[in-house]
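Peer 1: So that we are looking at the same thing, I have put the structure below in structure tokens.
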There are 2 protein chains.
Amino acid sequence: MEFSKNMSYLGVGVSPGNVPVYHGTNLKVIDRRVRVAELVLRCLICGLSVLAAVLVGTDTQIKEIFTIQKKARFTDMKALVFLVAANGITAAYSLVQGVRCVVGMVRGSVLFSKPLALAIFSGDQALAYLNVAAVGAAAQSAAFAKLGQTKLQWMVICNMYGKFCNQIGEGIAVSLLLSICMVGLSCISAFGLFRLYGSNKAKNNSGW
Amino acid sequence: MEFSKNMSYLGVGVSPGNVPVYHGTNLKVIDRRVRVAELVLRCLICGLSVLAAVLVGTDTQIKEIFTIQKKARFTDMKALVFLVAANGITAAYSLVQGVRCVVGMVRGSVLFSKPLALAIFSGDQALAYLNVAAVGAAAQSAAFAKLGQTKLQWMVICNMYGKFCNQIGEGIAVSLLLSICMVGLSCISAFGLFRLYGSNKAKNNSGW
């Protein structure tokens, strides 16, 4: 373990720009690509979650019915509040993780700490499922608002608040895209965690 | 690669009951536990998904309002149809995967094929997210049915169909439990896939 750890630190730390010529070359290239993909995804997710939160959170429409003013806001529907909360948490989390990625890349260190990899993996998994659940609930609410439920006499409300509904729809679409990115990211962090275990395995099997 | 592969086949195949005395011992124990956990989870998921599908799918209640008979069924709500479909797919998938687990354990072979591990990982991930999304949507529908949405004049329907609503609630609770198991399983299959990459890594780094 110590041996391969030192090899990796050496390879990345001493010549961060070049591809060192030893049998780990292939791995270094893969490792670099994975880290760049992780950073790009984290930035993308941060941007998308802010965009989705703003789209849904700032959406209002005022409708006058006779002399009564009715105002539609995202807080009228619990699912949208849940969606905005999920987006906010994702944005803050992605920002912190993005900074960690950049620091890691600048310092040229390779992630070999199992507890840290486990924490990142757990966080990514939790947020991926949170986002998928939030999108599921919000999409269901939107479907009721757009299509109604005649059998239950729940009326279509998007006829009344057309502009409001469209913007919410855009917010949900962005959140869906965000969820897909988050799922991809959770695969990358799973790779980062579990290859550490594979490393032990090969060592044990080869009888060191 | 071939070397460690053969070691593993030997260790598990020749003495399936004993713990072989070499440096891979620790790994063998972990590997065995992971496989047993996988099989138990797959059986549990299969059972839970059948239970949830039956609870939701067979739920009906007839209400007489004056002389008109109204029948509540799960098909009245799209989210419940989605939930039953997700449960059905999960049950069928878990059955097939459970058989694969049992065959693998009986034959004593260790999963070393990357394409197969990738297929299992992808399937588990897809079903985990499918189930989480289905539970999210169904829970949202149930919340509307139970609590109504006074601002939108969507009325509470669980006052009318109390018994029906309770059984749907049980079905959603079982589905939630099923989703949690499915998430755990997807972590196990991620472990199964990505440790194969770690294995290569250690080999490369040690300079074979």
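Peer 1: Run down A:V19, A:V50 and say which single residue is modelled with pLDDT of 95 or more and either on the phi < 0 side of the Ramachandran plot or assigned to a helix (DSSP H, G or I) (or both).
Peer 2: A:V50
Peer 1: For segment B:59-93, which positions are in a strand (DSSP E or B) and farther than 28 Å from B:A134 by Cα?
Peer 2: Of everything in segment B:59-93, those that are in a strand (DSSP E or B) and farther than 28 Å from B:A134 by Cα turn out to be B:E64, B:I65, B:I68, B:Q69.
Peer 1: Modelled with pLDDT of 85 or more and closer than 16 Å to A:G123 by Cβ, is that true of A:V96?
Peer 2: Criteria met by A:V96.
Peer 1: Between B:A72, B:A133, which is hydrophobic (A, V, I, L, M, F, W, C), within 14 Å of chain A (Cβ to nearest Cβ) and touching a strand residue (DSSP E or B) at 6+ places or on another chain (Cβ under 6 Å)?
Peer 2: B:A72
Peer 1: Quick one: count up the residues across segment A:144-156 that are part of a helix (DSSP H, G or I), more than 7 Å from chain B (Cβ to nearest Cβ) and open to solvent by 20 Å² or more (accessible area, probe 1.4 Å).
Peer 2: So the count comes out to 3.
Peer 1: Given the condition within 12 Å of chain A (Cβ to nearest Cβ), open to solvent by less than 40 Å² (accessible area, probe 1.4 Å), in a helix (DSSP H, G or I) and aliphatic (A, V, I, L, M), answer yes or no: does some residue in segment B:104-126 qualify?
Peer 2: Yes, segment B:104-126 contains a residue that is within 12 Å of chain A (Cβ to nearest Cβ), open to solvent by less than 40 Å² (accessible area, probe 1.4 Å), in a helix (DSSP H, G or I) and aliphatic (A, V, I, L, M).
Peer 1: Now a separate question. Among the residues of segment A:157-179, is there at least one that is open to solvent by less than 20 Å² (accessible area, probe 1.4 Å), outside any loop (DSSP other than H, G, I, E, B), within 9 Å of chain B (Cβ to nearest Cβ) and farther than 17 Å from A:V56 by Cα?
Peer 2: The answer is no; no qualifying residue exists.
Peer 1: Residue check: is B:L95 of a type outside the set (G, A, S), within 20 Å of B:G184 (Cβ to Cβ) and touching a residue at least 60 places away in the same chain (Cβ under 8 Å)?
Peer 2: So B:L95 does not fit the description; no.
Peer 1: If you don't mind, another one. Among the numbered conditions (1) at pLDDT below 80; (2) of a type outside the set (K, R); (3) surrounded by fewer than 20 Cβ atoms within 10 Å (Cβ to Cβ), tell me where B:I68 comes up short.
Peer 2: (1) is the only condition that B:I68 fails.
Peer 1: Does segment B:43-63 contain any residue that is in contact with a Cys (Cβ under 7 Å, 6 or more places away or on another chain) and of a type in the set (G, A, S)?
Peer 2: no
Peer 1: Here is a list of conditions, (1) crowded, with 22+ Cβ neighbours inside 10 Å; (2) of a type in the set (A, V, I, L, M); (3) within 12 Å of chain B (Cβ to nearest Cβ), and A:L185 meets all of them except one; can you say which number that is?
Peer 2: Only one criterion is unmet by A:L185, namely (3).
Peer 1: With respect to A:T90, determine if the residue is out of contact with any Asp or Glu (no Cβ under 8 Å at 6 or more places or on another chain) and open to solvent by 40 Å² or more (accessible area, probe 1.4 Å). Reasoning before the result, please.
Peer 2: On the way: out of contact with any Asp or Glu (no Cβ under 8 Å at 6 or more places or on another chain): yes; open to solvent by 40 Å² or more (accessible area, probe 1.4 Å): no.
No: the conditions fail for A:T90.
Peer 1: Right, another one. Any residue in segment B:43-64 that's touching a residue at least 12 places away in the same chain (Cβ under 8 Å) and open to solvent by 70 Å² or more (accessible area, probe 1.4 Å): show its pairings with residues that are part of a helix (DSSP H, G or I) and among the small types (G, A, S) at Cβ separation under 7 Å, as long as the two are six or more apart or on different chains.
Peer 2: B:C43/B:G98; B:V50/B:A91
Peer 1: For B:V96, which of the numbered conditions (1) of a type in the set (V, I, T); (2) surrounded by 14 or more Cβ atoms within 10 Å (Cβ to Cβ); (3) assigned to a helix (DSSP H, G or I) fails to hold?
Peer 2: The one condition B:V96 does not meet is (2).
The values are calculated or read from the model by the stated rules, or taken from the named source; none is laboratory data. Source: prediction; values computed, not measured. Note that each Cβ is placed from the backbone with ideal geometry, even for glycine, and that neighbours are counted across all protein chains shown. With ligands, DNA and RNA removed, areas are computed over all heavy atoms of the protein, side chains included. Shrake-Rupley method; radii C 1.70, N 1.55, O 1.52, S 1.80 Å.
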